[in-house]
Amino acid sequence: MSQQKNLKSGSRIRDWFKSVKIFKLRRRHINRSLSLNFNLTGRILHWLMATLILSTMFIGLGMMTSLSSRPWLIDLHIPIGVAILFLCILRFLNRIINPIPALPSDMPKIEKKMAHFMHWVMYAFMLALPITGWGQLSAGGFQAKLSQNIILPSLIDQNPVLYAWLHDIHRGLAWSLFFIVVGHLSIALLHALVIKDGIFSSMTRGKGKIKKETKRPSA
Ligand code: HEM
Ligand code: HEM
């Protein structure tokens, strides 16, 4: 008798957990389609990281082309690159916790899929670049210095073959990301200046300033 009672209350608790979970998922789905803009944290992180990433790329290019400026450019490249790694983790967490705006309902499915796919590709690059940069320093037996006093631990043991590999991978990733960003920027400007469907403003504006004529879905 008491065993039956226990079983009943156990299944009731399970049902309650299930309904809370479904409710949460539903609420998240509704929020996701209702929100028109990326949240403030997402927007700040996007523009801050865009500035840092483009700066690190040009600093990297300078490091490889000017022998005299190389030491101070490396001292700048490493801390900015490591900051990008931490900001990327923060941005990823913000993105999965908070709803993001839905793409316009009249946008073809394949374009929507491509847009989301490219966003995740950019996340992968934003993570892989600092890791291969840090990894190549460790494999080459160099220190990853953030400042005179702050030196990061080695990621891997010294290994000349791995160093050469990571050096080339880091370079390849940096230039690939550069071309991806040029494409991303061109598409963003196309939406801002020609299509005017609210995609660009979702990354620049707060909730209160959305124009009425935006074609983004209302639900
Ligand atoms: C998103 C972040 C980063 C970007 C966009 C980036 C970009 C670049 C670029 C464009 C180069 C020059 C490649 C070439 O033409 O050969 C480079 C080289 C390099 N980067 Fe990065 N990097 C990033 C993060 C890091 C981090 C976090 C570290 C170290 C902790 C690092 C360490 C290095 C090193 C050691 C070199 C090669 C220097 C040399 O061999 O002379 N990078 N990076
Ligand atoms: C290094 C440079 C950049 C990187 C790595 C980057 C990356 C990203 C990523 C990952 C997203 C998806 C949203 C998110 O998860 O935060 C995004 C969205 C967006 N980005 Fe960028 N971005 C860069 C530069 C730019 C620039 C220069 C512009 C504009 C001129 C721009 C305009 C936009 C817009 C309008 C969106 C929203 C698109 C949508 O709703 O699908 N981005 N960006």
Query raised in the report: In the list 126, 118, which residue meets the criterion of being of a type in the set (A, V, I, L, M) and surrounded by fewer than 17 Cβ atoms within 10 Å (Cβ to Cβ)?
Result: 118
Requested in this report: Write out, first by first residue and then by second, each pair whose Cβ atoms fall under 6 Å of each other, whose residues are 6+ apart or on separate chains, and whose first residue, in region 117-144, is of a type in the set (D, E, K, R) while the second is in a strand (DSSP E or B) and surrounded by 22 or more Cβ atoms within 10 Å (Cβ to Cβ).
Outcome: none
**Report entry** region 102-115: number of residues that are within 11 Å of ligand 2 (Cβ to nearest atom) and surrounded by fewer than 16 Cβ atoms within 10 Å (Cβ to Cβ)
**Finding:** 4
Report summary line: Subset of region 151-187, residues near ligand 2 (Cβ under 10 Å from one of its atoms) and either surrounded by 14 or more Cβ atoms within 10 Å (Cβ to Cβ) or outside any helix (DSSP H, G or I) (or both), comes to 177, 178, 180, 181, 184, 187
Query raised in the report: Mind checking which residues of region 129-140 are hydrophobic (A, V, I, L, M, F, W, C) and either within 6 Å of ligand 1 (Cβ to nearest atom) or crowded, with 18+ Cβ neighbours inside 10 Å (or both)?
Result: 129, 134, 137, 139
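Yes/no per residue for (1) within 23 Å of residue 122 (Cα to Cα); (2) within 16 Å of ligand 1 (Cβ to nearest atom); (3) modelled with pLDDT under 95:
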{"site": "150", "(1), (2), (3)": "no, yes, no"}
{"site": "157", "(1), (2), (3)": "no, no, no"}
{"site": "162", "(1), (2), (3)": "no, yes, no"}
{"site": "168", "(1), (2), (3)": "yes, yes, no"}
{"site": "180", "(1), (2), (3)": "yes, yes, no"}
{"site": "208", "(1), (2), (3)": "no, no, yes"}
{"site": "217", "(1), (2), (3)": "no, no, yes"}
Query raised in the report: Does region 129-141 contain at least one residue that is more than 10 Å from ligand 2 (Cβ to nearest atom) and assigned to a loop (DSSP other than H, G, I, E, B)?
Result: yes
Requested in this report: Of all residues in region 87-118, count the ones that are under 30 Å from residue 136 (Cα atoms) and touching a helix residue (DSSP H, G or I) at 6+ places or on another chain (Cβ under 9 Å).
Outcome: 9
Query raised in the report: Does any residue in region 145-168 that is under 19 Å from residue 78 (Cα atoms) come within less than 6 Å, Cβ to Cβ, of a residue that is surrounded by fewer than 14 Cβ atoms within 10 Å (Cβ to Cβ) six or more places away or on a different chain, and which pairs are these?
Result: 145/151; 151/143; 158/141
Query raised in the report: Assuming residue 99 fulfils every condition listed in (1) away from ligand 2 (no atom under 11 Å from the Cβ); (2) at pLDDT 95 or above; (3) under 15 Å from residue 39 (Cα atoms); (4) not polar (S, T, N, Q) apart from one, which condition is it?
Result: (2)
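The values are calculated or read from the model by the stated rules, or taken from the named source; none is laboratory data. In this text, all values refer to a predicted model and were calculated from it rather than measured experimentally. Here Cβ is always computed from backbone atoms with ideal geometry, including for glycine, and neighbour counts include all displayed protein chains.
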